[in-house]
Amino acid sequence: MNKDTLLNDQHYKTYMKKVHSMISRLPKHDQADIQREISSHIFESLNNYPETTVEQALENLGEPQTYLSEWVVTKKLEKAVSTFNPFRIIWGLITGIVKHGAYAFKYILFGLLYLFTLAFGSLCIAKIIAPSHIGLFIYPQGFTFGFNSDISNAHEVLGAKFIPVCLFITILLYMVITVLLKMSLSKVKERLF
């Protein structure tokens with residue numbers, strides 16, 4: 001079967017309308033990538049199995065809603081991760097939790113990791129507000145890092161260096177978590193098609 005025959009097939013057109021309605025909120029180039037990938041998959045299926053009809057190839061592929069919700073979430077998160085924009089990443093994770101229940105645990109876990117990172121960043125602000133109660137405190141029986149209301153018998157080690165240390169840890173955690181999320185998305189993408 002040639003591409004023109006496929007593109008003019010009524011079953012194909014109906015299927016691609018469903019696809020388009022599900023991906024219409026993505027950027028145009030992402031929509032084009034997804035449509036091209038699906039068309040290529042259908043075309044290869046028809047060429048590899050010449051006895052297969054377009055309708056059968058579409059049935060083998062499955063209804064768009066069975067795989068596109070995961071693909072849309074993956075595309076949104078890929079875009080967010082590539083920009084390292086924390087607001088887009090959090091919004092993508094929320095979308096993943098709501099729209100793709102199968103991976104909700106993974107998205108919740110990444111969300112918690114980002115929340116943990118935010119907690120480190122907030123320690124920088126807290127150090128400015130309550131400098132005597134925020135820091136790295138050494139006690140005879142151990143140490144604490146962060147806020148501590150009881151600073152008797154404690155020696156604060158970092159002092160003014162606490163803020164740069166917290167900023168460094170925050171940035172490092174953010175970068176590592178974002179790279180891990182990016183790697184996770186690439187594995188999902190490989191599995192999709």
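The values are calculated or read from the model by the stated rules, or taken from the named source; none is laboratory data. Computed from a predicted structure; not experimentally measured. Cβ sites come from the backbone with ideal geometry, for glycine too, and all protein chains shown count toward neighbours. Please note that ligands, DNA and RNA were not included when accessible areas were found on the heavy atoms of the full protein model with its side chains. Shrake-Rupley method; radii C 1.70, N 1.55, O 1.52, S 1.80 Å.
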Note on Leu7: of the conditions (1) assigned to a helix (DSSP H, G or I); (2) surrounded by 14 or more Cβ atoms within 10 Å (Cβ to Cβ), unmet is (2)
Query raised in the report: On the given criteria, is His29 under 19 Å from Val73 (Cβ atoms) and open to solvent by 80 Å² or more (accessible area, probe 1.4 Å)?
Result: yes
Taking first residues from the range 57-77 that are under 15 Å from Glu37 (Cα atoms) and open to solvent by 60 Å² or more (accessible area, probe 1.4 Å) and second residues anywhere that are among the charged types (D, E, K, R) and modelled with pLDDT of 80 or more, the pairs with Cβ under 7 Å that are 6 or more apart or on different chains are none
Considering only helices (runs of 4 or more DSSP H) wholly within the range 14-89, the ones with at least 1 residues that are under 30 Å from Gly121 (Cα atoms) are 64-83
Quick count over the range 115-156, residues being open to solvent by less than 40 Å² (accessible area, probe 1.4 Å), out of contact with any helix residue (DSSP H, G or I) (no Cβ under 7 Å at 6 or more places or on another chain) and assigned to a helix (DSSP H, G or I), is 1
By residue number, the members of the range 96-105 that are modelled with pLDDT under 85, open to solvent by 40 Å² or more (accessible area, probe 1.4 Å) and closer than 21 Å to Val176 by Cβ are Tyr103
Going through the range 166-182 in order, the residues found to be closer than 18 Å to Leu118 by Cβ and open to solvent by 50 Å² or more (accessible area, probe 1.4 Å) are Leu167, Phe168, Ile171, Leu172, Met175, Val176, Val179, Leu180
Within the range 38-73, residues being modelled with pLDDT of 80 or more and within 11 Å of the chain's Cα centre (by Cα) number 0
Here the residues within the range 40-56 that are of a type in the set (Val, Ile, Thr) and either at positive phi or loosely packed, with under 14 Cβ neighbours inside 10 Å (or both) are Thr53
When restricted to Leu112, Leu93, the only residue open to solvent by less than 40 Å² (accessible area, probe 1.4 Å) and assigned to a helix (DSSP H, G or I) is Leu93
Flagged pairs (Cβ under 7 angstrom, 6 or more apart or on separate chains; first in the range 144-169, in the same structural domain as Ile128 (by TED's automatic domain parsing); second loosely packed, with under 12 Cβ neighbours inside 10 Å) are Ile151/Ser132; Asn153/Pro140
